[in-house]
Amino acid sequence: MKRLVLVLILFGLLVIEGIAIDLLPLRLLETEILIVPHWLFMFLIVVAIFFDKSYTFYAVVFSIVFGILIDIVYADILGVYMFVYAVSVYIAQILKRLFITNFLVSCIIAMITISLVEIQIYIVYSFVGTIDLPFMFFLTHRLLPTVVANLLFFLLVYFIFSKRLVRWSDEELQRVS
Amino acid sequence: MSFFRRKSLFILLIGIILLVVLVGYSLTKRDHLSGPEKVIVDSVGWMQNIISQPANFFIDTYHSIGDIRITYEENKILKEKLAEYKTLVYEVNELDKENEELRKTLDIVDSPRDFEPILATVISRSPERWLEQVTINRGTKHGVEKNMAVMTVDGMIGKVTSVSNMHATVQLITGFDQLNRISATISRKGKDNIFGLIEGYDKEKEALVFRIMEQSGKKVKEEELVVSSSLGGQYPSGLPIGTIKEIEADPYGLTTKVYLEPSANIYDINQVIVIDRALDTDDDIENSGDK
């Protein structure tokens, strides 16, 4: 049943991502700095680290489903977020297995994967021709601010959900094994 | 490493193929959204509709705290403007009446200036900032169609790119590319209007690029207003687009490149008007030709 709760939370995040940009102060919006909310993805990373066991792939499945939903609702080019989120969440799961998950490691995993998401989106959109920006401009004006801003959201999600997810995971997935 | 095991590699390859197929599919010139897309857009839009109202109220109050400081100055200017408007309204009314009567005598019913406004509220803004699109809560059911112009009270902000039953996606002018040119004009007395095309948005200068085609020695000045023209066949004429910020001569001397400051603030939009042109647009004419 807890899996259903996760789906509902993810759906809620999908909906409120649409007003996330309005939360930023107007003065920041008018500059060239782009901050992109990846709240859904940050939650998926927390799920990947704390909910999934080493043999389950709930986070990857969720990222495929909700990635395609983001593509349909917010972006006219389908498939980009689906692919990018799924690959990055999978990488997060591999990284999780290599280290002992504590607070610092989780933060580093979040930072690495969010950068990977942004870089992959940059590459795909450059290929498609939606954007035409030099990589350095992208790095300073979009990648860095986005990583910092999303890390703040990650901390919020981490403190609210990390313990809970471990508990839910034990309740749910123990019976399967 | 486990990442390079054969199975993972296989899945990754399928993923890449799927990505290419989906991207290719969405880049083809689609006139309508597919069925499942419409259902998803509508159901997510329904949820967004519910939360957008309280959220916007909260955001507005939060933004208006900053506005309070400049209220006094603004009030003074506004009062002066209001006094000017009073005489202007009277004049416009008279001209409107006269125009209508003259049209009647000439038997012209529809003018490219006329349009049916469809009022809509912005319910969400795409988190992907490179795409610059917003969702509004009006769709096919309310008469919104693809390629209609969208404006706020200040001026044009974009056009409708896709429509579902109850919602529509609007591409903002700042996200326009070479394929979405708008024909625009600077109004002058007599027959000396200056025509050109809005070519897109210059991200580094933060201004719209307006290219004036003809080189007739007509001088443009800064601060002049550029409005849409009906010659493009899609938009009604006379919607304000932007004011001239900077003028730059083309290196070949054939065209003039002008940078425009958009008249509407595209970062602060809540209520928008979708414009249904009274005259047939190019699309309508093409469609009726098919039948």
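Summary table
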| read-out | value |
| --- | --- |
| Residue under evaluation B:LEU88, criteria (1) within 14 Å of another protein chain (Cβ to nearest Cβ); (2) farther than 30 Å from B:GLY139 by Cα; (3) not basic (Lys, Arg), criterion not met | (1) |
| Criterion: part of a helix (DSSP H, G or I) and more than 22 Å from B:ALA168 (Cα to Cα) - qualifying residue of B:GLU37, B:GLU73 | B:GLU73 |
| Among (1) in contact with a helix residue (DSSP H, G or I) (Cβ under 9 Å, 6 or more places away or on another chain); (2) facing another protein chain (nearest Cβ under 10 Å); (3) surrounded by 12 or more Cβ atoms within 10 Å (Cβ to Cβ) - the single one B:TYR25 does not satisfy | (1) |
| Residue in the stretch A:82-95 that is farthest from the other protein chains (Cβ to nearest Cβ), counting only those that are touching a Phe, Trp or Tyr at 6+ places or on another chain (Cβ under 9 Å) and either on the phi > 0 side of the Ramachandran plot or free of Cβ contacts under 8 Å to residues at least 24 places away in the same chain (or both) | A:MET82 |
| All positions within the stretch B:114-158 that are over 15 Å from B:GLN171 (Cα atoms), assigned to a strand (DSSP E or B) and not acidic (Asp, Glu) | B:PHE115, B:PRO117, B:ILE118, B:LEU119 |
| Residue within the stretch A:30-39 that is within 11 Å of chain B (Cβ to nearest Cβ), free of Cβ contacts under 8 Å to residues at least 12 places away in the same chain, over 22 Å from B:ASN49 (Cα atoms) and surrounded by fewer than 22 Cβ atoms within 10 Å (Cβ to Cβ) present | yes |
| Candidate set from the stretch A:63-81 (those that are in contact (Cβ under 8 Å) with a residue 40 or more places away in the chain, buried (at least 22 other Cβ atoms within 10 Å of the Cβ) and more than 16 Å from A:THR130 (Cα to Cα)); member that is nearest to the other protein chains (Cβ to nearest Cβ) | A:VAL73 |
| Residues that are under 12 Å from the mean Cα position of the chain (by Cα) and among the hydrophobic types (A, V, I, L, M, F, W, C), drawn from the stretch B:228-277 | B:LEU239, B:ILE241, B:ALA264, B:ILE266, B:ILE269, B:VAL272, B:ILE273, B:VAL274, B:ILE275 |
| Only one of B:ILE198, B:ILE157, B:ILE123, B:ILE182 that is within 14 Å of the chain's Cα centre (by Cα), crowded, with 22+ Cβ neighbours inside 10 Å and within 24 Å of A:VAL36 (Cβ to Cβ) | B:ILE157 |
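Laboratory data are not the source of any read-out in this text; all were calculated from the coordinates shown. Keep in mind the model is a prediction, meaning the values are calculated, not measured. As a convention, Cβ positions derive from the backbone with ideal geometry for all residues, glycine included, and neighbour counts pool all protein chains shown.
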